[in-house]
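K.L.:
So that we are looking at the same thing, I have put the structure below in structure tokens.
Where a number appears in this text, it was derived from the coordinates with a stated rule and is not lab data. All values reported here derive from a predicted model rather than from experimental measurement. Note that each Cβ is placed from the backbone with ideal geometry, even for glycine, and that neighbours are counted across all protein chains shown.
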Amino acid sequence: MRNPAVVVGTDGTACGTAAVEWAAGEARRRGAVLRIVLAYDWDLHDSRFAIGSEYADVARNLAETTVAAAHSRARALEPGIKIETDVLPGYAVPRLLEASTGAALLVVGSRGHGGFAGMLLGSVGRKMALQAPCPVVVVRGRNAPAGPVVAGLDDSDAMLATAFEAAAARETGLTVVRAVRPAVPLWLGVPAAAVPLPEDDDTERKQLAAQLAPWIEKYPRVPVTTVLSHDSAAAALVTASARAQLVVVGSHGHNNVSGALLGSTGLQLLHHAHCPVLIDRPA
């Protein structure tokens, strides 16, 4: 039985090509098939050209040409992996959701065709991060093989497993970021008890060490650095991402509404992180 595929959505843009390049490397690390998917939509009534049903053939030919170029790029970077391609008529979001069912991972670029100038995250990337039935990587910022994996720590052992596995596969270190209560400026007139004290930090560090201990034992070759921050989780992780090759966060954050598909920290990272972001959720 083969490993679940790494699915990547592309559209021929620079962001789509970056997603294919990242996904090819990930397929090699996982020993998985790379499945390149392009969904193309067209509306005959909105077309400026009165070419009848021939427009469907033109659109499909362009899509197949784009996928062939993505296949060639992935093969050039990772000649040893198995690659499959799909050209699917229809809108990108439902088609990618279908394609990612049963996948190990879905990879998308941060923006695609139709993105407005200055837009930090395209609508497809956002919807995949919110709705995909498997873990999602949004490729943005630096796509470099250097630097540690950064994990935004919550109470999820599943997320820690993903972060340690990612660091081990890349033979790099893991930086674990824990955000605690922000230091509140005294001029706001808040009670002194709201301001973190050194002994509070010591307690947090002990709890952090206890949570990480079994994972450090399981992955002895992964150097681990911990960061205790009084910034918001999003701010601390965006800062850490400047030196990282991947940021891993859970699909839920602290204090989020029950049933929320993605916490505010994850959404902010998708807009501002300096490297690819992995939103971990059960596949």
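K.L.:
Excluding Thr66 itself, calculate the net charge of residues whose Cβ lies under 13 Å from the Cβ of Thr66, where each Lys or Arg counts +1 and each Asp or Glu counts -1. Mind dumping the intermediate values first?
P.N.:
On the way: positive: Arg60, Arg73; negative: Asp11, Glu64, Asp86.
After counting each charged neighbour, the total is -1.
K.L.:
For Thr226, which sequence-distant residues (separation of 5 or more, or a different chain) have an amide H within less than 5 Å of its own amide H, given hydrogens modelled in the peptide plane?
P.N.:
Amide H to amide H, under 5 Å and 5 or more residues apart or across chains, Thr226 pairs with Val176.
K.L.:
Now, a different point. Spelling out what I want: for every residue of the range 162-170, take phi, set θ = phi - 60°, compute 6.51 cos²θ - 1.76 cosθ + 1.60 (Karplus), and round to whole Hz; glycine and proline get x.
P.N.:
Rounded to whole hertz, the list is 4, 5, 5, 4, 5, 5, 5, 5, 8.
K.L.:
Can I ask one more? Which value in nm describes the separation of the simple spin-label points at Asn3 and Arg29, placed 7 Å from the Cα toward the beta carbon?
P.N.:
So the two model labels end up 1.0 nm from each other.
K.L.:
What ranking, highest mean first, results for peptides 141-151, 8-18 when packing means the other Cβ atoms within 10 Å averaged over each residue?
P.N.:
On the way: 141-151: 19.1, 8-18: 21.7.
Highest-to-lowest ranking by the protection proxy: 8-18, 141-151.
K.L.:
Run the quick spin-label model on Ser229 and Asp202: label points 7 Å from Cα toward the beta carbon, then report their separation in nm to one decimal.
P.N.:
Going by the 7 Å Cα→Cβ label model, 2.6 nm.
K.L.:
Under 5 Å between amide hydrogens, which residues at least 5 positions from Leu246 or on another chain qualify, with H placed 1.01 Å from N in the peptide plane?
P.N.:
Under 5 Å from the amide H of Leu246 lie the amide H atoms of Val150, each far enough along the sequence or on another chain.
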